[in-house]
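Just below is one structure, and these are the notes that go with it.
The values are calculated or read from the model by the stated rules, or taken from the named source; none is laboratory data. In this text the structure is predicted, and so the values were computed from the model without any measurement. We place every Cβ from the backbone using ideal geometry, glycine too, and count neighbours over all the protein chains shown. The area values use the complete protein model at the heavy-atom level, side chains included, leaving out ligands, DNA and RNA. Shrake-Rupley method; radii C 1.70, N 1.55, O 1.52, S 1.80 Å.
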Amino acid sequence: MKVLHIDSSIMGDASVSRQLSQAIVAQLKQKDPAIQVQHLDLAATPIPHLSAEILMGHDEVQSALSEQLVQQYLDADVVVVGAAMYNFGVSSTLKAWIDRISVAGRTFKYTENGPVGLAGDKKVYIVSSRGGVYGENSPVDFQEGILKTVFTFTGVSNIEVIRAEGVNMGAESKETAMTSAFEAIKNI
Ligand SMILES: Cc1cc2nc3c(=O)[nH]c(=O)nc-3n(C[C@H](O)[C@H](O)[C@H](O)COP(=O)(O)O)c2cc1C
């Protein structure tokens, strides 16, 4: 089983989403020690923004990276994506990854009946960390929203959100959020 583990928080060891995404991968490993894990640390190694040159295939190095990222996403049986909320959305580094893997003809296609996802056969864990409290489907939440939309658009229906929110609202609030997220991970 291939696991694609993505982290995007800039906060290193202090990051909530990194602790939780790591715990999910550890849990998956415990269940199946043979899993193959590829880790993309988008803060340590940011992916350059998509450009026309890359899109048109005129930048050989970056076009090759795009292809590698698309194939890696297609190949993954499980994707664990650590997503810190930054200014109501995801980090720009995670958005840069989204821009590379959302490719017509590879991860989705347009048909007479509308778009069809081509990367559906996988499970996605969205690890959502945020300082405030938004719950499900808040109109100002562009973090979980874009991730759910993009994964769904590329055909994935098996999406689970592991959320720790209110983590900047005092020690008790953070503790409660972490405990409930770790509890949810135990049940994976
Ligand atoms: C640049 C920046 C922007 C942030 N924007 C928001 C925000 O819009 N809403 C919110 O609730 N928390 C916001 N936060 C708080 C983070 O979402 C929170 O600290 C979360 O734990 C980040 O994930 P991490 O611990 O994995 O880094 C922001 C933090 C940073 C550093």
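How many of the residues making up the range 13-51 are more than 16 Å from the ligand (Cβ to nearest atom) and either among the small types (Gly, Ala, Ser) or not in a loop (DSSP other than H, G, I, E, B) (or both)? Adding up the residues that qualify gives 11. The residue that is farthest from the ligand (Cβ to nearest atom), among those in the range 1-12 that are closer than 21 Å to GLY166 by Cβ and surrounded by fewer than 23 Cβ atoms within 10 Å (Cβ to Cβ), is ILE10.
The residue that is farthest from MET85 (Cα to Cα), counting only those in the range 121-150 that are without any contact (Cβ under 8 Å) to a residue 24 or more places away in the chain and within 13 Å of the chain's Cα centre (by Cα), is THR149. Put simply, of LEU69, LEU40 the only residue that is under 24 Å from VAL161 (Cβ atoms), free of Cβ contacts under 8 Å to residues at least 40 places away in the same chain, under 17 Å from the mean Cα position of the chain (by Cα) and crowded, with 16+ Cβ neighbours inside 10 Å is LEU69. Residues considered: ILE98, ILE188, ILE146. Of these, the only one that is at pLDDT below 95 and more than 12 Å from the ligand (Cβ to nearest atom) is ILE188. The helices (runs of 4 or more DSSP H) located wholly in the range 52-156 that include 3 or more residues which are β-branched (Val, Ile, Thr) occupy 92-101, 144-153. Under the condition of being part of a strand (DSSP E or B) and touching a Leu at 6+ places or on another chain (Cβ under 9 Å), the residues counted in the range 1-12 number 5.
Scanning the range 160-188 for residues that are open to solvent by 50 Å² or more (accessible area, probe 1.4 Å) and β-branched (Val, Ile, Thr) yields THR176, THR179. Does at least one position in the range 80-102 carry a residue that is open to solvent by 40 Å² or more (accessible area, probe 1.4 Å) and more than 14 Å from ILE146 (Cα to Cα)? No - not one qualifying residue is present in the range 80-102. Residue count for the range 19-44, restricted to those that are out of contact with any helix residue (DSSP H, G or I) (no Cβ under 7 Å at 6 or more places or on another chain) and farther than 18 Å from LYS95 by Cβ: 13.
The one condition from (1) of a type outside the set (Phe, Trp, Tyr); (2) part of a loop (DSSP other than H, G, I, E, B); (3) at negative phi; (4) away from the ligand (no atom under 11 Å from the Cβ) that VAL167 does not meet is (4).
The selection criterion, being in contact with an Asp or Glu (Cβ under 6 Å, 6 or more places away or on another chain), farther than 25 Å from ILE188 by Cβ and more than 16 Å from the ligand (Cβ to nearest atom), does not hold for GLU60.
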